[in-house]
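Colleague: Next up is a structure, given as structure tokens.
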Amino acid sequence: MSRFFLMGLLMLILGPTATGVAQAADGEKLFQFYCAQCHGTEGKGDGPNVTGDFPVDPRNFTETAEMNKLSDADIRNVIIDGGPIADKSPMMPPWGKTLNDDEVEALVQHLRQLCNCTGKAG
Amino acid sequence: MKTLASTFLGLMLVAMATVVAIARADAAAGKEVFQGSDCQSCHYTQGPATEKSIDDQLAKKGPELWYAGSKFQGPWLQAWLQDPQPIRPMKFNSVMEPNPGGHPALSADQAGPVTDYLMSLTSDAVKAGTVKVKKKNLKGRLIFIKKMPCSGCHQFPTKKKFSGGLSGPSLVGAGQRLNPDWVLAYLQQPKVFKPVKMMPVFVGLLSDKDMKNVAAHVATFK
């Protein structure tokens, strides 16, 4: 009986990776592909698009104090609808038509790792 | 008189058929050059697009060419194949490394047929004549530099020289390089051409009219 239970547990853990389905969205990979071009590979706001012509500095995600002012919902909204939803620059693109909910969530979590902060509640 | 006219007409038809046949023969010759020059090791020419994930997109060594005939303007393509200067400021599929250049070049003899071949690769998703190009499109300009972040990722010409971000292909000279109807189709049907890319999807954010205006504005880039 307990052996079956263990096997089941193992399958639950290994199943998704082994079969390739139901893979969780990979926040780091998404970040490097979509966001690093402006926010930089380490999230410091220094991607290759930030030349002298760039009108505003993309947020540096390693600034803990600044990032702590944002709730997860604030971050999520800006990712989905772009800068203007939070009275920020339209240079921050709207990604809501590009990314699905899981991918947006994975990115929110990834930004939390970069800032090493949990943000304000809400 | 009547026979003369019909002889003339007949001759015209023969001439036209020959032109078409030569173009076809050139496309076939171009395909051979393409296949014999290792171009396929970096470019696929068989649609539809199969990329499903970021990994698929990053595995490619060069842009897909299966809709090259809908995307490019023939004269630009023929010249570029002989003198392939960088289009993307950054190395293909790299965020941080600059484009090292050095794309393989073709001789003038090869570039003509290869252009005919590549121009024969078209996509039904592109409808000819939908974008009306004028000298200026101020609505499109406003979208490009202000309402949307296009200029954050693409270089474009300005009065000084050029301006803009580096992660996307440079749009300097896009008026000579790209077919405006393809630019519209690219915005309207992003999944057809590039299912996974670093550029955001604008469907539902820009109206059809906005997309036409911005495509017409891109077509003014010298």
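Colleague: With θ set to phi - 60° and the Karplus curve 6.51 cos²θ - 1.76 cosθ + 1.60, what are the ³J(HN,Hα) couplings of the stretch B:140-156 in order, to the nearest whole Hz, using x for Gly and Pro?
Modeller: x, 4, 4, 4, 5, 9, 10, 5, 10, x, 3, 5, x, 10, 10, 6, 8
Colleague: Please state the shape class of the stretch A:22-115: rounded when a/c is under 1.5, otherwise prolate if a/b exceeds b/c and oblate if not, all from the C-alpha gyration tensor.
Modeller: On the way: a/c = 1.36, a/b = 1.31, b/c = 1.03.
Rounded is the answer for the stretch A:22-115, as its axis ratio a/c remains below 1.5.
Colleague: Sum -39500 (n - 2.57) across every DSSP H segment of at least 4 residues in the protein assembly as shown, then divide by the residue count to get the 222 nm mean residue ellipticity, nearest 500.
Modeller: -13000 deg cm²/dmol
Colleague: Tell me the Kirkwood hydrodynamic radius of chain B in angstroms, computed as one over the mean inverse distance between distinct C-alpha pairs. Write out the running numbers ahead of the final one.
Modeller: Numbers: mean 1/r = 0.0522 Å⁻¹.
For chain B, inverting the mean 1/r across all distinct Cα pairs yields 19.2 Å.
Colleague: Return the average number of partner chain Cβ atoms within 10 angstrom of each residue Cβ along peptide A:46-52.
Modeller: Taking the mean over all residues of the peptide, I get 6.
Colleague: Around B:M90, which amide H atoms from residues at least 5 apart in sequence, or from another chain, sit under 5 Å from its own amide H, with H modelled in the peptide plane?
Modeller: For B:M90, whose amide H was placed from the backbone, the distant partners under 5 Å are B:N99.
Colleague: A further question follows. Per residue of B:197-208, count partner chain C-beta atoms within 10 Å of its C-beta, then hand back the mean as an integer.
Modeller: Mean partner shielding for this stretch: 4.
Colleague: Determine the shape class of the protein assembly as shown: with a ≥ b ≥ c the square roots of the Cα gyration tensor eigenvalues, call it rounded for a/c under 1.5, and otherwise prolate if a/b is greater than b/c, oblate otherwise.
Modeller: Details: a/c = 2.35, a/b = 1.67, b/c = 1.41.
Prolate, since a/c reaches 1.5 and a/b exceeds b/c.
Colleague: Using label points projected 7 Å from each Cα along Cα→Cβ, tell me how many nm separate A:K97 and A:T64, to one decimal.
Modeller: Inter-label distance under the simple model: 3.9 nm.
Colleague: Quick query: amide H of B:F72 versus all other amide H atoms, modeled in the peptide plane; which residues come in under 5 Å with a sequence gap of 5 or more or a different chain?
Modeller: Correct list: B:N179.
Colleague: Comparing the chain by itself with all protein chains present, which residues of the stretch B:94-142 are at least 40 Å² less accessible (probe 1.4 Å)?
Modeller: Residues passing the criterion (a loss of at least 40 Å², heavy atoms only) are B:V95, B:M96.
Colleague: Right, next: Past the 29 Å Cα-Cα mark, which pairs from B:K132/B:K194; A:K69/B:K212; A:K44/B:K222; A:K69/B:K191; B:K197/B:K222; B:K194/B:K222?
Modeller: Numbers: B:K132/B:K194 24 Å; A:K69/B:K212 40 Å; A:K44/B:K222 34 Å; A:K69/B:K191 36 Å; B:K197/B:K222 25 Å; B:K194/B:K222 25 Å.
Check vs 29 Å cut-off fails for A:K69/B:K212; A:K44/B:K222; A:K69/B:K191.
Colleague: Could you compute the FRET efficiency for B:D83 and B:L138, with r as their C-beta to C-beta distance and R0 at 35 Å, rounded to 0.05?
Modeller: Computed FRET efficiency for B:D83 and B:L138: 0.55.
Colleague: Could I ask something else about it? Treat every Asp and Glu Cβ in the stretch A:29-97 as -1 and every Lys and Arg Cβ as +1, leave all other atoms uncharged, and give the resulting dipole magnitude about the Cα centre to the nearest 20 debye. If you can, show how the numbers build up before the last one.
Modeller: Values: 7 positive and 10 negative charges, 49 e Å.
About 240 debye.
Colleague: Something else: Is the stretch B:163-222 best put as rounded, prolate or oblate by its Cα gyration tensor, with a ≥ b ≥ c the root eigenvalues, rounded for a/c under 1.5, and otherwise prolate when a/b is larger than b/c, oblate when not? Walk me through the intermediate numbers first.
Modeller: Working: a/c = 1.62, a/b = 1.23, b/c = 1.33.
Because a/c hits 1.5 or more and a/b fails to exceed b/c, the stretch B:163-222 counts as oblate.
Colleague: Same structure, new question: Beta carbons within 10 angstrom, averaged per residue: use that to sort the peptides B:135-141, B:101-107, highest first.
Modeller: Ranking the peptides B:135-141, B:101-107 by packing returns B:135-141, B:101-107.
Colleague: Please list, in chain and number order, the residues 5+ apart from A:G45 or on another chain whose amide H is under 5 Å from its amide H, with Hs placed from the backbone.
Modeller: A:G40, A:F61
Colleague: Still on this structure, I have one more. Using the Karplus curve 6.51 cos²θ - 1.76 cosθ + 1.60 with θ = phi - 60°, what ³J(HN,Hα) values do you get for each residue of the stretch B:67-74, in whole Hz, with x for Gly and Pro?
Modeller: Taking θ as phi minus 60°, the curve returns 10, 3, x, 8, 8, 9, 9, x Hz for the stretch B:67-74.
Colleague: What distance in nm lies between label points placed 7 Å from Cα along the C-beta direction at A:K29 and A:I80?
Modeller: Placing both labels 7 Å along Cα→Cβ, they lie 2.4 nm apart.
Colleague: Separate question: Can you run phi through the Karplus equation (6.51, -1.76, 1.60; θ = phi - 60°) for the stretch B:86-92 and list ³J(HN,Hα) in whole Hz, with x for Gly and Pro?
Modeller: Those phi angles translate into x, 9, 8, x, 9, 4, 3 Hz.
Colleague: With each label point set 7 Å from Cα along the Cα-Cβ vector, what nm distance links A:K44 and B:A25?
Modeller: 6.2 nm
Colleague: For B:T50 and B:K159, what does the FRET efficiency come to when R0 = 56 Å and r is the distance between their Cβ atoms, rounded to the nearest 0.05?
Modeller: Details: r = 42 Å, r/R0 = 0.76.
Calculated transfer efficiency: 0.85.
Colleague: From the residues A:G43, A:L107, A:A73, which one has its Cα farthest along the dipole of the stretch A:20-122 in the positive direction, the dipole being from +1 and -1 charges on Cβ of Lys/Arg and Asp/Glu about the Cα centre?
Modeller: Of the candidates, A:A73 comes out farthest on the positive side.
The values are calculated or read from the model by the stated rules, or taken from the named source; none is laboratory data. Please read these numbers as outputs of a predicted model, since none were measured by experiment. Note that we place each Cβ from the backbone using ideal geometry, even for glycine, and neighbour counts take in every protein chain shown. Side chains included, ligands, DNA and RNA excluded: accessible areas come from the protein's heavy atoms. Shrake-Rupley method; radii C 1.70, N 1.55, O 1.52, S 1.80 Å.
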